[in-house]
1. Within the bounds of the range 219-232, is there any residue that is of a type in the set (A, V, I, L, M) and either surrounded by fewer than 22 Cβ atoms within 10 Å (Cβ to Cβ) or over 24 Å from P114 (Cβ atoms) (or both)?
2. Quick check, is L120 closer than 20 Å to H28 by Cα, touching a residue at least 40 places away in the same chain (Cβ under 8 Å) and of a type in the set (A, V, I, L, M, F, W, C)?
3. Restricting attention to the range 1-34, which residues are out of contact with any strand residue (DSSP E or B) (no Cβ under 6 Å at 6 or more places or on another chain) and under 22 Å from F171 (Cα atoms)?
4. Please enumerate the residues belonging to the range 135-184 that are hydroxyl-bearing (S, T, Y) and surrounded by 14 or more Cβ atoms within 10 Å (Cβ to Cβ).
5. Which ones in the range 47-90 are under 19 Å from F30 (Cα atoms), of a type in the set (G, A, S) and assigned to a helix (DSSP H, G or I)?
6. Can you tell me which residues in the range 6-34 are touching a residue at least 40 places away in the same chain (Cβ under 8 Å), farther than 21 Å from R116 by Cβ and outside any strand (DSSP E or B)?
7. Among the residues in the range 133-155, are any within 20 Å of the chain's Cα centre (by Cα), touching a residue at least 40 places away in the same chain (Cβ under 8 Å) and under 30 Å from T51 (Cα atoms)?
8. Could you tell me which residue of the range 173-192 is nearest to the chain's Cα centre (by Cα), considering only residues that are closer than 15 Å to H28 by Cβ and of a type outside the set (G, A, S)?
Amino acid sequence: MRTATRLGLICDVHEHGSLDGDPVLLLHGFPQRGTSWDAVASRLASRGLRTLAPDQRGYSPRARPVGRGAYTLTALTADALAVVDELVGPGERVHVVGHDWGASVAWRLAARHPDRVATLTAVSVPPAAAYARSLVTTRQAFVSWYVLAVQVPGLVERLLGARGRPFSPAFAGMLRRTGQSRDAAERDAAGLADPAALTAALTWYRALAVERSAADPPVRVPTLFVWSDGDVAVTRQAAELTHHHVTGPFRYAELRGVSHWIPDEAPDDLAELIADHVGAAAVRRLPGGGG
C-alpha cells in the first residue's frame with residue numbers, strides 16, 4: 001500500500017509489480033475501490049508491468065471532502081495526475097486504464113493531458129461526449145434512470161444504507177442483479193457501509209450537475225475500448241459511438257457473455273487485452289515501428 005497527497009487529501013494506492021516495470025494507472029468505478037483491480041493487476045505484474053490502483057477521492061477515508069464541487073471530473077483528473085507525479089515522477093507518462101467512472105476519469109485524462117498518457121484503455125464506459133449523444137439518440141437514457149434517482153438528496157442513502165450492519169443487503173442485492181457475484185457484491189457493499197463513504201461515492205454522480213468544463217478534445221493517444229455484451233449500464237449503441245471521439249490508433253474489443261463488472265469477471269481476458277495494447281504501443285515507438 002502506498003499513498004499520494006493532493007491539497008491535503010491522502011489517497012491510498014494499491015501497488016503491484018516491480019518498480020522497474022512500465023507504470024499502469026488503474027482507475028476504479030462505482031461502487032468499488034482499487035482492490036477491484038487486484039486480479040488484473042497481479043496478471044499485469046506477472047508480465048513485468050507495475051500497476052498503481054488508487055482508492056479515489058471519496059473512497060479513501062482521508063480523501064473525502066464534502067460538497068458536489070469537490071467531485072467534478074476536473075478534480076478527479078487532477079487527483080490521478082497527482083498519483084502519477086508522486087509515485088512515478090513529475091511529468092512522467094503512464095498507461096491509463098479505467099473502468100466505469102474510472103473510465104470517465106481516464107478519458108478526461110487522455111483527452112486533456114496526452115503528454116502524460118502513453119496509452120488509454122477504457123473499460124465499459126465511453127467518453128462523455130459519446131455518452132451524452134447516446135442519451136438522446138439511443139435507449140441509453142432509459143438504462144441510465146438511476147443517475148436521476150441519485151440526484152435526490154438522501155434518497156439512495158435511505159434505500160441502500162447499511163444502518164450499522166457490515167453491509168447493506170439491499171445494496172448487495174442490487175449489485176447482484178447487475179451481474180456481480182455474491183462475493184464481489186458483498187465486498188463492494190461493505191466498502192460503502194460507512195454512511196460518509198456512501199454519500200461521497202454518490203457525489204460523483206451528483207457533481208454532474210455542477211460540472212462546468214468545456215467539451216474534451218478528441219483523444220489522440222493509442223486507445224483500446226473494451227465493452228461486454230452483458231452490460232446493463234451501457235448500451236451497445238453508446239459503446240459504438242466511441243470511435244468518433246478518438247483520432248489516434250483505436251481498437252474496440254467486445255467480451256461475450258460478460259457483465260458490466262469486467263475486471264472482476266474476466267480478469268484473464270482484460271489483462272491480456274491491456275498487455276497487448278501496451279506492448280503494441282511500445283513497438284510503434286521503436287525506430288522503424290511505424291509510430
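Bear in mind that the values in this text are calculations on the coordinates, not laboratory data. Quick caveat: nothing in here was measured; it's all calculated off a predicted structure. Methodologically, a virtual Cβ is constructed for each residue, glycine included, from the backbone with ideal geometry; neighbour enumeration extends over all protein chains shown.
1. yes
2. yes
3. H28, F30, P31, Q32, R33
4. Selection gives T138, S144, S168, T178, S181.
5. Matches in the range 47-90: G69, A70, A75, A78, A80.
6. Selection gives F30, P31, Q32, R33.
7. Scanning the range 133-155, I find no residue that is within 20 Å of the chain's Cα centre (by Cα), touching a residue at least 40 places away in the same chain (Cβ under 8 Å) and under 30 Å from T51 (Cα atoms), so the answer is no.
8. D188
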